[in-house]
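Student: Sending over a structure as structure tokens; questions will come in a sec.
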Amino acid sequence: MMEVLILPQDVAAELVARHILTLIQHKPDAVLGLATGSTPLPVYRALERLIAEWEVDTSRVRGFALDEYVGLPEGHPQSYRAVITREVIEPLRLTPSQIRVPNGATETIKDAPAEYEAEIAASGGVDLQLLGLGGNGHIGFNEPGSSLGSSTRVKTLTAQTRHDNARFFPSEDEVPRHCITQGVSTILKARHLVLLAFGESKAQAVAAAVEGPISASNPASALQLHPHTTVLVDEAAARHLSNAEYYASSYRNKPDWQAL
Ligand code: GLP
């Protein structure tokens, strides 16, 4: 089941953060799926504030990042390991061993995908997976054309994604050409998927993901197959949804007992 909530970005971030902390209160060793990119940052900031306010014990929480660039030198500030350390591990006062990120070192890349899949499986599986949305419909780094049955593997980044992510590097040429990413089927194994997308630049991708045909050309459309997906978008990102009014009225009339 896919539920679509149309909310201002700050309200959506607060709602998701509260939901994550409630999950941790009920399951202190919850496994979180973490996303990079700018979209989930307000959720991480809300978590930082609420963990202190609610005095939540996060010492047993575990987490898995979706993806990583291949071949960046260790400690590179734009490696997703570094981003997750800066944006999640340090502000949320977690220890680095609580959060796993795929290993993008070229020397060990051959074995890294299977090892990552095994680690996720050994954790008992992801309870809640945060997802951003690429302008071309990618989730993690599953670019258009990714098999919907894919597991963690090495992928080649599209020219568009390298262009989109060039803002984080001194030049587009320095954006890595390859990545290691959880596959679409890996992502679908998480028990609850939470997709966030804000701003007009995501509007086409949101409409295709939520209402478009399910297709490898649009990996985010696979989320329609999941029994529990929550999509949080603002008005701008909801612009091309044909059923926006219906989603809004379902949310307004949602029974109190129904959680996110
Ligand atoms: C990146 C990441 C994705 C992210 C997406 C959108 O390439 N690999 O996980 O969801 O792009 O990024 P942003 O949230 O900055 O728009």
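Student: Go through (1) in contact with a Ser or Thr (Cβ under 9 Å, 6 or more places away or on another chain); (2) at pLDDT 95 or above one by one and return the number of the condition MET2 breaks.
Tutor: (2)
Student: Consider segment 48-89. How many of its residues are more than 22 Å from SER123 (Cα to Cα) and either open to solvent by 20 Å² or more (accessible area, probe 1.4 Å) or under 18 Å from the mean Cα position of the chain (by Cα) (or both)?
Tutor: 22
Student: Under 30 Å from ALA244 (Cα atoms), among the β-branched types (Val, Ile, Thr) and in contact with a helix residue (DSSP H, G or I) (Cβ under 6 Å, 6 or more places away or on another chain), is that true of VAL184?
Tutor: yes
Student: While we're looking at this one, here's another question. Is there any pair linking a residue in segment 110-139 that is open to solvent by 20 Å² or more (accessible area, probe 1.4 Å) and within 16 Å of the ligand (Cβ to nearest atom) to one that is among the aliphatic types (A, V, I, L, M) and assigned to a helix (DSSP H, G or I), with Cβ under 8 Å and at least six apart or on different chains, and which?
Tutor: GLY135/ALA205; ASN136/ALA205; HIS138/ALA220
Student: Hey, among the residues in segment 154-178 that are touching a Ser or Thr at 6+ places or on another chain (Cβ under 7 Å) and away from the ligand (no atom under 11 Å from the Cβ), which one's nearest to ALA35 (Cα to Cα)?
Tutor: So the residue we want is HIS178.
The values are calculated or read from the model by the stated rules, or taken from the named source; none is laboratory data. In this text the structure is predicted, and so the values were computed from the model without any measurement. Note that each Cβ is placed from the backbone with ideal geometry, even for glycine, and that neighbours are counted across all protein chains shown. These accessible areas exclude ligands, DNA and RNA; they are computed on the full protein's heavy atoms, side chains included. Shrake-Rupley method; radii C 1.70, N 1.55, O 1.52, S 1.80 Å.
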